[in-house]
């Protein structure tokens, strides 16, 4: 089985959902999380704070630098994610279809690289 990242994308500046819509999304995501666990494909999941809480750590000229804010200056950002196992891309896409309905946001699907044998 391959592990896949299902990342939830948010767009800054879009009209925020109503309190009722957010409550429903939380309920739907909780139900999806239970289904993922029940089906044995759950690895890990989490929601993220807004990008303005990010700190970037990088090496430049052999010195470690830290800067406030997200690395990418963009309106789109990852708001949360799931890591799941699936037999193939089609299986991961089926879970992503459920995820996008639950959280009411676009979900990107990417496989993890295989570990090198050694």
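The values are calculated or read from the model by the stated rules, or taken from the named source; none is laboratory data. Just so you know, these numbers come straight off a predicted model, no measurement behind them. A quick note on method: Cβ atoms are made from the backbone with ideal geometry, for glycine too, and the neighbour counts reach across all protein chains shown.
Conditions (1) within 23 Å of residue 111 (Cα to Cα); (2) within 13 Å of the chain's Cα centre (by Cα); (3) part of a loop (DSSP other than H, G, I, E, B), marked per residue:
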| residue | (1), (2), (3) |
| --- | --- |
| 3 | yes, no, no |
| 24 | no, no, no |
| 35 | yes, no, no |
| 52 | no, no, no |
| 74 | no, no, yes |
| 80 | yes, yes, no |
| 90 | yes, no, no |
Residues being modelled with pLDDT under 95 and surrounded by 12 or more Cβ atoms within 10 Å (Cβ to Cβ): count how many of those fall in the range 3-23.
-> 5
Take the residues in the range 69-88 that are loosely packed, with under 14 Cβ neighbours inside 10 Å and touching a residue at least 40 places away in the same chain (Cβ under 8 Å), then tell me which one is farthest from residue 12 (Cα to Cα).
-> 87
Any idea which of (1) closer than 21 Å to residue 106 by Cβ; (2) not in a helix (DSSP H, G or I) is the one residue 40 doesn't satisfy?
-> (1)
